[in-house]
Amino acid sequence: MAFWAAAAALLIAAWSPTARANESSEDRALRGSVEHAERMAPPGRRPIVDTHIHFWQVTRPGGVPWPTPAEGPIYRDVLPPEYKAVAIPHGVVAAGVVEASGLVEDNQWILDRIRHDRFFSFFVGNLEIGAPTFARDLERFSHDWRFVGIRGYLTGPAEGITLSPAQLASLRDLARRGMTLDIISRGAKNPKDQVQALCTAVPDLRIIIDHLGGAKGPPPVDPTWELEIRRLADVCPNLHMKFSSFYDMYAPGDVVYPTPTDLASYRRHFDVLMTAFGADRLVWGSNWPVITLHGTFEAQIAIAEEYLAPFGVHVRDKVMFRNALKFYRVRRP
C-alpha cells in the first residue's frame, strides 16, 4: 500500500498547478498536444498519430517522379481526403506527411495541399543533404510551422551518407533548428555502420530510421540484423525507430504482394526492436498508401495493437501517439 500511495502522490504532484507552472514551454506544448489527441479519439478508442503517409498527383502537368506505372495500383492521384476517409474511423487523430518526391518544389506542393487542415499536423520534407541550395531551401520551408524536418539520403547522389563537409553543414543546420531526420536503412541503402557514423557525428540531431530498420521475415531473426540494430540503439541515444510499414518484411519491393496479417509472423522482429530501443524510442507509422500493395491499413493497425496490448496502455500510447508528438515536436499554433 505504501508504494501505491507514494506513486499516487507523485502523480498528483506532477499534475499540480505548481508543477505545471514550472513546465518548460516545450513540455507545456507537448502536454497540450497529448491532451488534444486524447480529446479527439473516437469513443472507446485510444488515439493514434500516423507518422508516415504520402500524397501525390500523377495527373498534374508534368506528372511526378514517383510512383511510376510500374507501381501499378498506387500510380494514381493520392490526396488528403482519401487518407482521412481511411484513417479517422480507425482512431487516427493526426498525421504527418512524408515527402515522396525529390523535387524541391514538391515540398511546397504538399504544404499547399494541407495548409488549411490541421489534421495533417506536421510535414517531413525531402531535401538533398549537402546540396548547394540546402541551407536556402531549409530556411524557406522552415517558416511553415508544419515543416518539422526532412527525409534524407533517399534521393540524390548514390553514395548516400558520406559526412562530407557539405553534408555535415546541412545536418548541423537541421540540428540547430531542432528539426528531425528520417532515414531508410535496409540492404545497401544506408548500411547500419554508416547510420552509426551519422548519429555520432551529429549527436544533437534527432534521427529516426523508417520501416523497422530493414527487418526481413520470416522468423528466425537474421542474427546480423539483430546485432546491428542492438548496436545502433546502444551507441546512438539520439536515434529512434519507426514502427512502420510492417508488410515490407515480406514484400519483395513496391509491387503487389500479399503478406501475412498474423502477429506471429512479425513478433520476433518486433521483440528485437522493443528490447533494443525501448518503449520511448519506437514511433508508429503506416506508410500509406504504399502498404496497400501488400495488405490493408486496418490490418496493420490490428497487428500493432495486438503486439502492444500485453505491455499495457501506457506503453501502447507511447508507441502509437505520444512518442510521435514528442519526437516531431508537433505543436498546434
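The values are calculated or read from the model by the stated rules, or taken from the named source; none is laboratory data. Fair warning: this is a prediction, and the values are worked out from it, not measured in the lab. Note: ideal-geometry Cβ built from the backbone for every residue, glycine included; neighbour counts use all protein chains shown. For the accessible areas, the whole protein counts, side chains as well, though only heavy atoms, and no ligand, DNA or RNA atoms are used. Shrake-Rupley method; radii C 1.70, N 1.55, O 1.52, S 1.80 Å.
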Quiz prompt | Test: residue in segment 128-135 that is part of a helix (DSSP H, G or I), over 18 Å from the mean Cα position of the chain (by Cα) and of a type in the set (S, T, N, Q) | solution = no
Quiz prompt | Residue list for segment 174-190, filter: open to solvent by 20 Å² or more (accessible area, probe 1.4 Å) and either over 19 Å from the mean Cα position of the chain (by Cα) or among the hydroxyl-bearing types (Ser, Thr, Tyr) (or both) | solution = Arg176, Gly187, Ala188
Quiz item: Of the numbered conditions (1) modelled with pLDDT of 95 or more; (2) surrounded by fewer than 17 Cβ atoms within 10 Å (Cβ to Cβ), Gly156 satisfies every one except a single condition; which is it?
Solution: (1)
Self-check item: Per-region count, segment 37-50, residues at pLDDT below 85, open to solvent by less than 40 Å² (accessible area, probe 1.4 Å) and not in a loop (DSSP other than H, G, I, E, B)
Solution: 1
Quiz item: When Pro67 is evaluated against the numbered criteria (1) buried (at least 16 other Cβ atoms within 10 Å of the Cβ); (2) touching a Ser or Thr at 6+ places or on another chain (Cβ under 7 Å); (3) part of a loop (DSSP other than H, G, I, E, B), which criterion, by number, is the only one it fails?
Solution: (2)
Self-check item: Checking Leu227 against (1) without any contact (Cβ under 8 Å) to a residue 24 or more places away in the chain; (2) closer than 12 Å to Arg268 by Cα, the condition it does not meet
Solution: (2)
Self-check item: Single unsatisfied condition, Thr59 versus (1) surrounded by fewer than 21 Cβ atoms within 10 Å (Cβ to Cβ); (2) assigned to a helix (DSSP H, G or I); (3) among the hydroxyl-bearing types (Ser, Thr, Tyr)
Solution: (2)
